[in-house]
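Asker: Structure provided below as structure tokens; questions to follow.
Taken together, the values in this text are just the output of simple stated rules run on the coordinates, not laboratory data. None of these values were measured; they are calculated from a predicted model. When we count neighbours, we look across all protein chains shown, and the Cβ atoms used for this are built from the backbone with ideal geometry, even at glycine.
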Amino acid sequence: MSGDPIRVEGLTRRFDGPPVLDGLDLAIAPGEFVALLGRSGSGKTTLLRTLIGLDPVQEGQVSVPDHVAVVFQESRLLPWKRVWQNVALGLDVPDAKARAVAALEEVGLGHRLDAWPLTLSGGEAQRVGIARALVRSPQFLLLDEPFASLDALTRLRMQAMVVDLWQRHRCAVLIVTHDVDEALVLADRAVVLDRGRIRTDLPVPLDRPRRHDAPGFSRARRILLDALDVREAA
């Protein structure tokens, strides 16, 4: 995959009190899929907001590609616009509708082009959000806990769909998640933040599609849970 890597170097962000991000260094290669985990207050949201340009860089350097897209936990669809119009929103190209239709077909919603957002299920709404991101051909896609509100079966289907889309598009991806298993199913690397610094940066060299009973899965899971200070019941 060609293109420039995403680089965060010496990033420090302060509000009141201790720094939320404390001299953070992180690199994501073109086409790499990285999962970001951490307890509440670890700096995940601040890092994501900085990467998409919503928070200023106070100290350090941040380099991201020109074409960045984000999918939030809530789909944030405009209820007065039809599904394809939500996907095409802000696209300044002559074939905006055709591109929106193609993106919706790619996420399995070609039959819902003219539906109103309020008629969609939670999983369908998130598919529209992903289509809205992909239609912009991003070099860097950020996913902010996009499956947190979905039921378990829908979540599994969405995870499989995201891996399939990533393998086709090969943009760099950063997913913020609280789910260790999700990180290991999806990502090439799992990064754990703690007090604004990287506590663990774990490569995940498991064959795809990922299975929980695959050799190495349990060990990687244990490493991440330990980094998050989570102790499972016996």
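Asker: Cα axis of helix 152-169 to longest principal axis of the chain: angle in degrees, 0 to 90, nearest 10?
Answerer: 80
Asker: Could I ask something else about it? Give the Debye-formula value of log10 I(q)/I(0) at each listed q (0.30 Å⁻¹), with one equal scatterer per alpha carbon of the stretch 77-137, two decimals each.
Answerer: Here log10 of I(q) over I(0) equals -1.41.
Asker: Pairs of Cα atoms under 8 Å, at least six residues apart: use those to get the relative contact order of the stretch 77-137, whole percent.
Answerer: 46
Asker: Can I ask one more? What net charge is computed for the residues neighbouring Ala115, neighbours being all others with C-beta under 13 Å from the C-beta of Ala115, Lys and Arg scored +1, Asp and Glu -1?
Answerer: +2
Asker: Shifting gears a bit: Between Val93, Val62, Val107, find the one with the highest GNM mean-square fluctuation for the chain; connect C-alpha pairs within less than 10 Å.
Answerer: Ranking Val93, Val62, Val107 by mean-square fluctuation puts Val93 first.
Asker: Antiparallel versus total DSSP beta bridges in the chain: what percent is that, nearest 5?
Answerer: That works out to approximately 45 percent antiparallel.
Asker: Net charge near Arg136, counting Lys/Arg +1 and Asp/Glu -1 over other residues with Cβ under 14 Å of its Cβ?
Answerer: -2
Asker: How far, in nm, would the chain grow between His169 and Gln58 when pulled straight, counting 0.36 nm per residue and subtracting the alpha carbon separation?
Answerer: Full-extension gain reported as 36.7 nm.
Asker: While we're here: Report the full-extension gain for the segment Arg211 to Ser40: residue separation times 0.36 nm, less the Cα-Cα distance, to one decimal in nm.
Answerer: 58.8 nm
Asker: While we're here: Loop only per DSSP, at most 12 neighbouring Cβ atoms within 10 Å: give me the trypsin sites (Lys or Arg not before Pro) in the stretch 200-234, ordered by residue number.
Answerer: Arg211, Arg231
Asker: Using the crude model of +1 on Lys and Arg Cβ and -1 on Asp and Glu Cβ, and no other charge, please compute the dipole size for the stretch 77-137 relative to its Cα centre, in debye to 20.
Answerer: Dipole about the Cα centre, nearest 20: 120 debye.
Asker: How many percent of DSSP beta bridges within the stretch 125-234 run antiparallel, rounded to 5?
Answerer: Here the share of antiparallel DSSP bridges comes out near 55 percent.
Asker: With +1 assigned to the C-beta of every Lys and Arg and -1 to the C-beta of every Asp and Glu, and no other charges, what is the dipole magnitude of the chain about the Cα centre in debye, to the nearest 20?
Answerer: The dipole of the chain has a size of about 300 debye.
Asker: Could you tell me which chymotrypsin sites (Phe, Trp or Tyr not before Pro) in the stretch 42-118 are loop residues by DSSP with no more than 11 other beta carbons within 10 angstrom of their beta carbon?
Answerer: When the chymotrypsin sites (Phe, Trp or Tyr not before Pro) of the stretch 42-118 are filtered for loop state and at most 11 Cβ neighbours within 10 Å, Trp80 remain.
Asker: Mind checking the full-extension length gain between Arg136 and Val230? Use 0.36 nm per residue of separation minus the Cα-Cα distance, one decimal, nm.
Answerer: This chain segment gains 30.0 nm when fully extended.
Asker: Still on this structure: How high is the relative contact order of the chain, in percent, with contacts defined as C-alpha pairs under 8 Å that are six or more residues apart?
Answerer: Worked out over the chain, it gives 26 percent.
Asker: Using only the alpha-carbon atoms, how far is helix 96-106 inclined from the longest principal axis of the chain? Give it as 0 to 90 degrees, nearest 10.
Answerer: 60
Asker: Same structure again: Please determine, in degrees from 0 to 90 and to the nearest 10, the orientation of helix 122-134 with respect to the longest principal axis defined by the Cα atoms of the chain, where the helix direction is its Cα long axis.
Answerer: The two axes meet at around 90 degrees.
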